[in-house]
1. Answer yes or no as to whether ALA491 is within 23 Å of the chain's Cα centre (by Cα), touching a residue at least 40 places away in the same chain (Cβ under 8 Å) and over 20 Å from ILE438 (Cα atoms).
2. For the subset of the stretch 176-225 comprising residues that are small (Gly, Ala, Ser), within 24 Å of ARG449 (Cβ to Cβ) and surrounded by 24 or more Cβ atoms within 10 Å (Cβ to Cβ), which member is nearest to ligand 1 (Cβ to nearest atom)?
3. Inside the stretch 243-257, can you point out the residues that are in contact with a His (Cβ under 8 Å, 6 or more places away or on another chain) and not polar (S, T, N, Q)?
4. Suppose we filter GLY72, GLY60 for residues that are at pLDDT below 60 and surrounded by fewer than 15 Cβ atoms within 10 Å (Cβ to Cβ); which single one remains?
5. Which condition breaks for ALA256 when tested against (1) surrounded by 24 or more Cβ atoms within 10 Å (Cβ to Cβ); (2) in contact with a Ser or Thr (Cβ under 7 Å, 6 or more places away or on another chain); (3) without any contact (Cβ under 8 Å) to a residue 40 or more places away in the chain?
6. Does at least one position in the stretch 277-284 carry a residue that is surrounded by fewer than 23 Cβ atoms within 10 Å (Cβ to Cβ) and either farther than 22 Å from ASP399 by Cα or more than 32 Å from the chain's Cα centre (by Cα) (or both)?
7. Being touching a Lys or Arg at 6+ places or on another chain (Cβ under 9 Å), farther than 30 Å from VAL109 by Cβ and hydrophobic (A, V, I, L, M, F, W, C) is the filter here; which residues of the stretch 547-596 pass it?
8. So ILE528 fits all but one of (1) crowded, with 24+ Cβ neighbours inside 10 Å; (2) part of a loop (DSSP other than H, G, I, E, B); what number is the exception?
Amino acid sequence: MNSSDQPGPMDPSPAGIEPSVGAAPGKPPGFKPYRHPAAGWGAAKSVTKFLVREGEYLDGPRAIMKMNHEDGGFDCPGCAWPDDVKGLKLDLCENGIKHVTWEMTRKRVDRAFFAAHTVTELAGWSDFALEDQGRLTEPMVYDPATDHYRPISWQDAFELVGRTLRGLSDPNRAAFYTSGRLGNEATFLYQLMARELGTNNLPDCSNMCHEASGRAMQAALGTGKGTVDLKDWESADALFILGVNAASNAPRMLTALAGAHKRGARIVHVNPLVEAAARRTIIPHDFVDMALNKATATSSLNVQPRIGGDMALLRGMAKALLESARTDPKALDTLFVERHTSGFEEYRAVCERTSWEEIEHQSGVPRAQILRAAQVYREADRSIVSWCLGVTQHEHGVDTVREIVNLLLLRGNLGREGAGPSPVRGHSNVQGNRTCGIDHRPTEAFLDRLGEVCGIDPPTAHGLDTVATIEAMNRGDVEVFVGMGGNFALAAPDTAYTYAGLRNCELTVHVSTKLNRSHLVHGRQALILPCLGRTEKDHQRGGEQQTSVEDSMSMVHLSKGMKRPASPHLLSEPAVIAGLARAALPDSATPWQWYVEDYDRIRDTMAEVLDGFEDFNRRVRLPLGFRIRQPARELVFLTPSGKAEFSAAPLPDVVPAPGTLALGTMRSHDQWNTTIYSDDDRYRGVTNLRTLVFMNRQDMRERRLGEFDPVDITATARDGSTRSLHGYLAVPYDIPRGCAAGYMPEMNVLCAIGDYSTQSDQPIMKHLKVTVVPAADRREESAPAG
Ligand SMILES: Nc1nc2c(c(=O)[nH]1)N[C@H]1C(S)=C(S)[C@@H](COP(=O)(O)OP(=O)(O)OC[C@H]3O[C@@H](n4cnc5c(=O)[nH]c(N)nc54)[C@H](O)[C@@H]3O)O[C@H]1N2
Ligand SMILES: Nc1nc2c(c(=O)[nH]1)N[C@H]1C(S)=C(S)[C@@H](COP(=O)(O)OP(=O)(O)OC[C@H]3O[C@@H](n4cnc5c(=O)[nH]c(N)nc54)[C@H](O)[C@@H]3O)O[C@H]1N2
Ligand SMILES: [Mo]
């Protein structure tokens, strides 16, 4: 626990940005390398502490027994890792439990709370303190006269939104954001509402997350998704895990890694940091191992490239493979390459042209180690490459994911058991959101089907993504912002600029479960619309409803809440959307209310619009749901050539200029995106500290920095503008020279709005160009923000 649960005055940084949580005064920060296995008793202890703090030690475990069940349970909102197909019903993790308990808290934010605190006062609270107030209970509207949120009826709230939307000169002056929690049925209604209004302005958290993966795989394989499932994970001979902190962010992957190790598969982790999942683990539901405190290794080889060095490393592995093919006829799957791919010769040529010197320099990995990784790959019959944000949130994220695919194609690691690309998606339904229509660049085929089935005339012009929405709000081109979940103000890059954009809106609307920063950084008019969480019963006219979600491996299944709603005034997300739509589109022929009475009706329409959703209502009720057809898995490539496409991009220059560092922003173990549970980061050995920067010891020595010395961090954007954070503490860490790391969302202050990838439009959140200097060197004129 930390003192940030004590509301305290903000410390306005030069950019006027409130810090999130910092070291607890009176509680000195700690740093001691973590030497225990991941998960195991450390996780069990942490869960117990958390349940006690939240007062949920009775209901918490009961809910957890219901989570991720084959039928009747709700889908864990913690991450998008799939449920075990072999009927193992209790593949739980510490962070999933924390996430669920956080939603189920007994604490409430009611009208008395809002009457007692002005918005200006709340803006001075830490983000932890805001969410820690508990669940929102009724719709609230901002009253500028008193600077308080006050209650408003649902009807009046809908009418306010409807009126404002109807008053816009152009529907493209509104933007509809989605955070990846939203169930499929609500997602479908949401995009239908936006398109019936006449806009494709559907920014989503994917724009900051896996956009690069989707674009790369679409171009290479004709599908935006991974092609493997858990069964494949269980039969792979080699697993390559790039740029993911699995023990914290996809903890159930530990089960797959431990299982792989036990059956003799090899596991290569590629990460500038050696994260906990790259060492060893004790799986909590493995009772024998728990009792004996017996850890299983989860890594055969750890490779630490520089930040952004993955593409060069992958290129090196491919080059090594092509070189060994001269003497080893089995190194390449030539038959597969001939039959199923196009562009191989160009790719071979680019690999030959790329020198080992360049590969070593750009990856930061010695050739001998690249050869070892290549050997693991060459010796495996079946390989899976898995990745997350360490690969995507870069300028060249698309090229890097394509290089992953290139490498897989060379050995025919596609379309057969135990092999293929496997991106680890983020939010529990972010993949389902895209499948069900949240896309600012929808295909014509999708729009045609939608228009035909739903009797609307959808707009064809592409809409705004996250970055473009922020820019448009600042220009005054977007006047209404609707956030369907999430915490846009903090999750988005360039905090000061994003705040200014939201404040420049005529109306901001947030559909949320908990109070967060985005409610306080608001437009001239503002609404907070509280909704049911995934753990709660959703009762509609047609009885109790279930919603469907899609996991990282394209399995679609139902989720059913079992808790009594946090307040009788909450509406489900589909009901909120239907209310908004009816108010905004009074002449709509869409049967909004009828849909909400029984979600089977929404699913019937979805079955007609969405590819792979035929017979949706029946198939989603099968014990584990159903898997969306994956043409690439069947070696059917919906690409222009009808084949899997190699790409032959040159290596980008990712080496930091002298005196600068490449800084990656990431999550701690004790947070869920913008929700911070505590100031600890157990697996990295940190206690009571979030305002830190991990640095290589030599980089620290060069700057005459010792452990916990305060520093100023200044990022220089592409346009030359600078943004700074002051008083962060330097922490020596096993990270390559020239690299640094720290926590999101606080470090979004440093991430310029213009610094997004030209390949994916994703903000480059893992590759900020910074200087770090002792805080004493602070110069007065530093850092005007964007
Ligand atoms: N408990 C918990 N679970 C979560 C979340 C959460 O916040 N908390 N968030 C969810 C969401 S939305 C997402 S998208 C995922 C995010 O899951 P992750 O991708 O694990 O998220 P990050 O914490 O950003 O960590 C990125 C990892 O990339 C590494 N990295 C940084 N730069 C590079 C690089 O250049 N190359 C390589 N190879 N690695 C690099 C970092 O060291 C770190 O290990 O997790 C999901 N699950
Ligand atoms: N610098 C930096 N910034 C990043 C990242 C990074 O790695 N570095 N990662 C990016 C990534 S991968 C992502 S996905 C985004 C995340 O961005 P978002 O999805 O916008 O943020 P979250 O923190 O997940 O949203 C938390 C809020 O969601 C609401 N909520 C929770 N459950 C529900 C629910 O069931 N329904 C509704 N309606 N609301 C609910 C609660 O009010 C809570 O406050 O952040 C991005 N930002
Ligand atoms: Mo994400």
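1. Details: within 23 Å of the chain's Cα centre (by Cα): yes; touching a residue at least 40 places away in the same chain (Cβ under 8 Å): yes; over 20 Å from ILE438 (Cα atoms): no.
No, not satisfied.
2. Keep residues of the stretch 176-225 that are small (Gly, Ala, Ser), which gives 179-180, 183, 186, 194, 198, 206, 212-214, 216, 219-220, 222, 224.
This time we only want the ones that are within 24 Å of ARG449 (Cβ to Cβ), so: 180, 183, 186, 194, 198, 206, 214, 219, 222, 224.
If we keep only those that are surrounded by 24 or more Cβ atoms within 10 Å (Cβ to Cβ) as well, we get 180, 183, 186, 194, 206.
Numbers: GLY180: 6, GLY183: 16, ALA186: 18, ALA194: 22, SER206: 9 Å.
Step by step, filter the stretch 176-225, then rank; the result is GLY180.
3. Within the stretch 243-257, just ALA247 meets the criteria.
4. Just a single option satisfies the conditions, and that option is GLY72.
5. (2)
6. Filtering the stretch 277-284 for residues surrounded by fewer than 23 Cβ atoms within 10 Å (Cβ to Cβ) gives 279-280.
After this cut, where a residue has to be either farther than 22 Å from ASP399 by Cα or more than 32 Å from the chain's Cα centre (by Cα) (or both) as well, the list is 279-280.
Among the residues of the stretch 277-284, at least one is surrounded by fewer than 23 Cβ atoms within 10 Å (Cβ to Cβ) and either farther than 22 Å from ASP399 by Cα or more than 32 Å from the chain's Cα centre (by Cα) (or both), which makes the answer yes.
7. MET553, MET555, VAL556, LEU585, TRP594, listed by residue number.
8. Evaluating ILE528 over (1) crowded, with 24+ Cβ neighbours inside 10 Å; (2) part of a loop (DSSP other than H, G, I, E, B) leaves (2) as the failure.
The values are calculated or read from the model by the stated rules, or taken from the named source; none is laboratory data. Since the structure is predicted, the reported quantities are computational estimates derived from the model, not experimental observations. Because the Cβ atoms are built from the backbone with ideal geometry, glycine has one as well, and the counts that use them run over all protein chains shown.
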